[in-house]
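Trainee: Have a look at this one.
The values are calculated or read from the model by the stated rules, or taken from the named source; none is laboratory data. Note that the structure is predicted; figures quoted are calculated from it, not measured. In this analysis, Cβ positions are derived from the backbone assuming ideal geometry, glycine residues included, and neighbour counts consider all displayed protein chains. The accessibility values were calculated without ligands, DNA or RNA, using every heavy atom of the protein model including side chains. Shrake-Rupley method; radii C 1.70, N 1.55, O 1.52, S 1.80 Å.
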Amino acid sequence: MGRLQKKLVVKISDITKNCKTSHKQLVLSIVSLIIASMILVSTTFCWYAISKATGSASNINLEVGNGLRINDLDSAMKDIKDHSYLLPASSVDGRNLFFPTDGMDFSTTTSSMTFRSANAGDRNYSYVQLDFNLTAEADYTSIYLQKDSIVDVKDDGSLSSEDLLKIRKSIRTAIYYEGMDSPRVFTSLNNPQSTKAVKDIDRTTGKFLESDTQVAYPFNDYTFGKRQLAMLNKGETRPFSLIIWLEGTDPACISDPVMLKQLEIKLTFTTSWDNTETIQFQDNTIGSGGKSAVSEFLDKNPGYSLKLNYTNTSNKIKDLKFTMYRTSTENNNIWYCNIPSIFTNEISFQIVSDSDKTDIAYEWKVNDSGEPTLNRSTSTKYICESFEGSCYGHWYDGDIEEKGDGRDENVGEVDDTDW
């Protein structure tokens with residue numbers, strides 16, 4: 001029924017384009033009469049289109065960063081480009097979309113309207129839904145959106161600046177995967193948008209039953225260092241859905257219905273592995289043979305390795321270990337590894353058995369006073385000062401220090417940023 005109504009609006013608009021009366025009102029009145037007649041002979045609800053898109057979605061780009069793989073989307077992309085339209089609907093989170101069956105104004109009389117649920121015929125015709133899979137290549141892969149991600153109306157010169165703004169305000173995008181606590185809803189605006197959207201209807205009569213607050217966030221709120229979309233482990237594949245619609249309860253969508261000609265869809269899924277820092281572990285102790293004590297131990301015990309150990313209780317990450325490598329054979333008292341730059345807290349260094357990760361021969365996580373050195377702040381070098389007995393060391397922030405005791409040279413105060 002939705003496709004027939006689109007054709008009706010376009011045909012009647014062409015026939016009446018030279019009428020002196022209000023063109024928009026005339027078109028809507030004629031279509032309303034036709035659809036009212038159809039309802040009398042139909043047992044299903046019809047959809048009255050108060051706003052119509054005549055163009056297809058274009059410039060669609062879905063990309064992934066380091067540590068992620070995405071399945072082939074060629075056929076799905078083509079289907080959206082050739083057949084996609086956006087028409088006013090309402091949904092709290094994008095999972096349950098409701099289309100109006102009359103021409104009443106969403107923003108003022110939603111509670112007295114009748115609706116129908118979106119069906120298979122609406123998908124990628126009255127709204128956009130793109131399903132895809134993301135696969136992680138490493139454990140604890142946090143997924144974010146790149147800063148230039150956008151779902152917006154494309155300014156091709158066919159719409160006035162006022163109409164562009166109205167469409168921009170009413171576009172909603174939801175990203176969802178099965179098992180997610182709730183889909184993330186986005187707006188192309190720079191500030192969060194709160195809207196009372198349709199939550200439930202009577203499935204028999206279409207009568208409005210309940211609304212709830214829909215909160216749409218700017219895409220930048222889910223970029224690296226802020227909120228994350230999901231976390232995947234190595235080899236884990238998770239199906240995602242991208243859902244795009246016009247939110248009819250937004251006043252901008254209904255106050256002056258306009259045609260949507262094109263969408264610009266550009267989403268890049270990045271991970272914490274796209275933003276890494278090199279962490280150094282420098283052994284300032286001397287072993288019996290003249291080498292650093294850590295080097296001597298590892299040379300004599302080939303079944304052990306030096307690891308950076310990371311824990312993040314809030315994200316349920318426990319004892320994630322990164323192998324550290326020597327920088328060179330000549331300067332073999334320095335090791336390094338790369339970790340996501342957001343890994344700043346609960347970091348320790350361990351010499352661990354390769355076969356039994358619970359067999360920890362040595363561990364560095366305190367200074368010589370017994371205070372924790374688990375927080376690196378912005379520092380990228382850890383200086384090991386003791387090997388035998390109680391291992392200790394400290395983070396180094398780049399200032400010249402004496403004896404590694406946390407005091408910068410020629411300064412009497414303890415420099416807390418070194419710890």
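Trainee: Restricting segment 315-333 to residues that are open to solvent by less than 70 Å² (accessible area, probe 1.4 Å) and of a type in the set (S, T, N, Q), which is modelled with the lowest pLDDT?
Mentor: Asn331
Trainee: Go through (1) in a loop (DSSP other than H, G, I, E, B); (2) touching a residue at least 60 places away in the same chain (Cβ under 8 Å) and name the single condition Ala361 misses.
Mentor: Unmet for Ala361, out of (1) in a loop (DSSP other than H, G, I, E, B); (2) touching a residue at least 60 places away in the same chain (Cβ under 8 Å): (1).
Trainee: Step by step: first the residues of segment 365-393, then only those that are more than 38 Å from the chain's Cα centre (by Cα) and over 18 Å from Trp335 (Cα atoms), then the one that is modelled with the lowest pLDDT. Which residue is that?
Mentor: This residue is Gly389.
Trainee: Which is of a type in the set (Val, Ile, Thr), modelled with pLDDT of 90 or more, surrounded by fewer than 18 Cβ atoms within 10 Å (Cβ to Cβ) and over 30 Å from Lys316 (Cα atoms), of Thr278, Thr237, Thr205?
Mentor: Thr205
Trainee: Still on this structure: Among the residues of segment 342-357 satisfying the criterion of being in a loop (DSSP other than H, G, I, E, B) and in contact with an Asp or Glu (Cβ under 9 Å, 6 or more places away or on another chain), which is surrounded by the fewest Cβ atoms within 10 Å (Cβ to Cβ)?
Mentor: Lys357
Trainee: For Pro192, which of the numbered conditions (1) out of contact with any Leu (no Cβ under 9 Å at 6 or more places or on another chain); (2) farther than 19 Å from Lys147 by Cβ; (3) open to solvent by 10 Å² or more (accessible area, probe 1.4 Å) fails to hold?
Mentor: Every condition holds for Pro192 apart from (2).
Trainee: For residues that are open to solvent by less than 60 Å² (accessible area, probe 1.4 Å) and over 21 Å from Lys357 (Cα atoms), scanning just segment 288-314, find the one that is modelled with the lowest pLDDT.
Mentor: Step by step, filter segment 288-314, then rank; the result is Gly290.
Trainee: Quick one: how many residues across segment 51-70 are surrounded by 14 or more Cβ atoms within 10 Å (Cβ to Cβ) and either at pLDDT 65 or above or farther than 29 Å from Asp163 by Cα (or both)?
Mentor: Counting residues in segment 51-70 that are surrounded by 14 or more Cβ atoms within 10 Å (Cβ to Cβ) and either at pLDDT 65 or above or farther than 29 Å from Asp163 by Cα (or both) gives 8.
Trainee: Can you spot a residue in segment 196-210 that is within 25 Å of Asp148 (Cβ to Cβ) and assigned to a strand (DSSP E or B)?
Mentor: no
Trainee: Quickly run through segment 108-123 and pick out the residues that are of a type outside the set (Val, Ile, Thr) and in contact with a strand residue (DSSP E or B) (Cβ under 8 Å, 6 or more places away or on another chain).
Mentor: Ser111, Ser112, Met113, Phe115, Arg116, Ser117, Ala118, Asp122, Arg123
Trainee: Answer yes or no: is there a residue in segment 394-412 that is open to solvent by 60 Å² or more (accessible area, probe 1.4 Å), closer than 24 Å to Ser314 by Cα and modelled with pLDDT under 90.
Mentor: No, because not a single residue in segment 394-412 is open to solvent by 60 Å² or more (accessible area, probe 1.4 Å), closer than 24 Å to Ser314 by Cα and modelled with pLDDT under 90.
Trainee: Right, next: State all residues of segment 272-331 that are in a strand (DSSP E or B), over 29 Å from the mean Cα position of the chain (by Cα) and farther than 24 Å from Tyr396 by Cβ; if no residue qualifies, say none.
Mentor: Answer for segment 272-331, where residues must be in a strand (DSSP E or B), over 29 Å from the mean Cα position of the chain (by Cα) and farther than 24 Å from Tyr396 by Cβ: just Tyr304.
Trainee: Further question: Would you be able to tell me the number of residues in segment 113-147 that are surrounded by fewer than 18 Cβ atoms within 10 Å (Cβ to Cβ) and either part of a loop (DSSP other than H, G, I, E, B) or at pLDDT below 85 (or both)?
Mentor: So the count comes out to 7.
Trainee: Considering segment 172-182 alone, what residues qualify as being open to solvent by 10 Å² or more (accessible area, probe 1.4 Å) and in contact (Cβ under 8 Å) with a residue 60 or more places away in the chain?
Mentor: Tyr176, Tyr177, Glu178, Ser182
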